[in-house]
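Some notes on the structure that comes next.
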Amino acid sequence: MVKGETSGLGWDEETITNTMLVEVPPLVKVVPFTRPQEGGDKRLKEHGAGMGADWLWWWVGDDGASFGMLVQAKRLKKDKNEEWLIDFGYKSGKQWQDLHATADVLQVAPSYALYLGSPNYRKPVGCGVKNHPSDYEQCDRCIRKSVSFYPSVLADGIGTDPKVAYEQSIPMESLADPQADTETPRAQKWTYGLTPELKEFMTSEAAGVPQAVAKQLVSKARERRSLQFDLMEENLTDQISEDFVFESLPLDRGHLSAPYFLQILRGLRRTPPGYVLNVLNGDSPVGLDTTKLAGLVVVSAGSFN
Ligand SMILES: [Zn+2]
């Protein structure tokens with residue numbers, strides 16, 4: 001992103017995604033869904049499946065526990081007055097619809113990856129640490145925030161403000177840290193909608209990397225929800241099948257666009273889906289041919305050791 005800025009060539013989501021994904025193998029497995037591979041499948045041609053812009057990420061723990069999320073990249077732009085812009089296209093844009101329709105089919109958590117440029121690009125907006133260095137390139141947190149995750153359920157209302165999105169997004173480099181304490185005191189006090197097993201999940205240290213990622217994303221949604229003081233009339237839960245870590249999840253949503261526990265934590269499974277096992281075994285993923293994806297990224301716990 002810095003090179004794009006200084007060269008005058010600029011940068012876009014696809015370039016940055018590719019730049020990151022070519023660097024991570026073999027520790028992280030990357031399976032792009034390219035056009036030639038899909039040429040033989042008539043359904044793909046008819047529905048345009050397989051040619052989406054979103055990447056399906058799976059985090060797989062040593063014990064098989066896994067977390068799936070569908071990731072759409074969104075860059076921070078600035079207008080001629082240096083005002084920040086992030087085009088989430090909430091509920092109107094085709095990209096928004098593709099992200100949510102595909103995440104629903106795959107039963108994973110939809111999330112944005114915010115490409116935020118260099119710390120100097122974001123100046124004068126700081127990352128929020130106290131006694132911020134005047135040289136933004138010397139701030140570790142600012143550097144970490146260059147790529148940050150933001151659950152799509154938050155990109156709604158106040159959350160479409162790019163400065164709110166920036167503040168509430170999770171640096172990619174911190175996303176998988178089981179020791180990261182993500183719940184703010186406000187969110188910790190907000191117990192509405194928490195079943196005993198969810199309370200245990202939210203308050204104890206994550207058992208592994210997949211749980212840590214799931215927990216960080218849902219913590220951000222809980223934090224936003226805690227700012228909306230209304231309670232739902234009924235605290236309904238949605239029953240889901242046995243492969244999911246949580247047998248049922250609360251439908252609490254407040255003013256958010258979707259029930260946040262369900263939309264994020266449905267991605268948490270006891271075992272990875274078959275197409276992830278295919279990739280871990282060095283085979284092509286099977287069963288994704290009706291979905292619209294740019295490709296698949298599999299991060300297994302061994303990558304961190
Ligand atoms: Zn900073």
- Item | Counted residues, the stretch 256-287 - those being of a type outside the set (Phe, Trp, Tyr) and closer than 11 Å to residue 221 by Cβ | 8
- Hey, residue 154 surrounded by 15 or more Cβ atoms within 10 Å (Cβ to Cβ) and within 16 Å of the ligand (Cβ to nearest atom) or not: no
- Within the stretch 126-137, restricting to residues that are within 6 Å of the ligand (Cβ to nearest atom) and within 22 Å of residue 112 (Cα to Cα), the one that is surrounded by the most Cβ atoms within 10 Å (Cβ to Cβ) is 127
- Note on the structure: Of (1) under 18 Å from the mean Cα position of the chain (by Cα); (2) not in a helix (DSSP H, G or I), residue 262 fails just (2)
- Pairs where the first residue, in the stretch 53-75, is closer than 22 Å to residue 206 by Cα and the second is among the acidic types (Asp, Glu), C-beta under 6 Å, 6+ apart: 70/54
- Task: Evaluate the following for residue 90: is it of a type in the set (Phe, Trp, Tyr), closer than 20 Å to residue 261 by Cα and touching a Lys or Arg at 6+ places or on another chain (Cβ under 8 Å)?
- Result: no
- Message: Being surrounded by 16 or more Cβ atoms within 10 Å (Cβ to Cβ) and either farther than 22 Å from residue 108 by Cβ or modelled with pLDDT under 95 (or both): is that true of residue 43 here?
- Response: no
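Any chance the stretch 210-224 includes a residue that's surrounded by 16 or more Cβ atoms within 10 Å (Cβ to Cβ), more than 24 Å from residue 113 (Cβ to Cβ) and out of contact with any Lys or Arg (no Cβ under 9 Å at 6 or more places or on another chain)?
Kept after step one, since they are surrounded by 16 or more Cβ atoms within 10 Å (Cβ to Cβ), are these residues of the stretch 210-224: 210-224.
Keeping just the survivors that are more than 24 Å from residue 113 (Cβ to Cβ) gives none.
No, the conditions are met nowhere in the stretch 210-224.
Is it true that some residue in the stretch 169-178 is more than 16 Å from the ligand (Cβ to nearest atom), aliphatic (A, V, I, L, M) and either in contact (Cβ under 8 Å) with a residue 60 or more places away in the chain or surrounded by 14 or more Cβ atoms within 10 Å (Cβ to Cβ) (or both)? Before you say what the answer is, go through the steps one by one.
Applying the first criterion (more than 16 Å from the ligand (Cβ to nearest atom)) to the stretch 169-178 yields 175-178.
Next, only the ones that are aliphatic (A, V, I, L, M) stay: 175-176.
Then drop every residue that is not either in contact (Cβ under 8 Å) with a residue 60 or more places away in the chain or surrounded by 14 or more Cβ atoms within 10 Å (Cβ to Cβ) (or both), which leaves 175-176.
Yes; the residues of the stretch 169-178 include at least one that is more than 16 Å from the ligand (Cβ to nearest atom), aliphatic (A, V, I, L, M) and either in contact (Cβ under 8 Å) with a residue 60 or more places away in the chain or surrounded by 14 or more Cβ atoms within 10 Å (Cβ to Cβ) (or both).
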- Query: Looking at the stretch 68-90, is at least one residue on the phi < 0 side of the Ramachandran plot, of a type in the set (A, V, I, L, M) and within 16 Å of the ligand (Cβ to nearest atom)?
  - Reply: yes
- Query: Which one is farthest from residue 87 (Cα to Cα), of the residues in the stretch 155-183 that are aliphatic (A, V, I, L, M) and in a loop (DSSP other than H, G, I, E, B)?
  - Reply: 180
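Results for (1) within 16 Å of the ligand (Cβ to nearest atom); (2) in contact (Cβ under 8 Å) with a residue 24 or more places away in the chain, shown as yes or no for each residue.
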position	(1), (2)
104	no, no
108	no, yes
111	no, yes
117	yes, yes
139	yes, no
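Would you confirm, using the coordinates I've provided, whether residue 159 is within 16 Å of the ligand (Cβ to nearest atom), surrounded by 14 or more Cβ atoms within 10 Å (Cβ to Cβ) and closer than 25 Å to residue 88 by Cβ?
Criteria not met by residue 159.
The values are calculated or read from the model by the stated rules, or taken from the named source; none is laboratory data. Source: prediction; values computed, not measured. Glycine also receives a Cβ, built like all others from the backbone with ideal geometry; neighbour counts cover every protein chain displayed.
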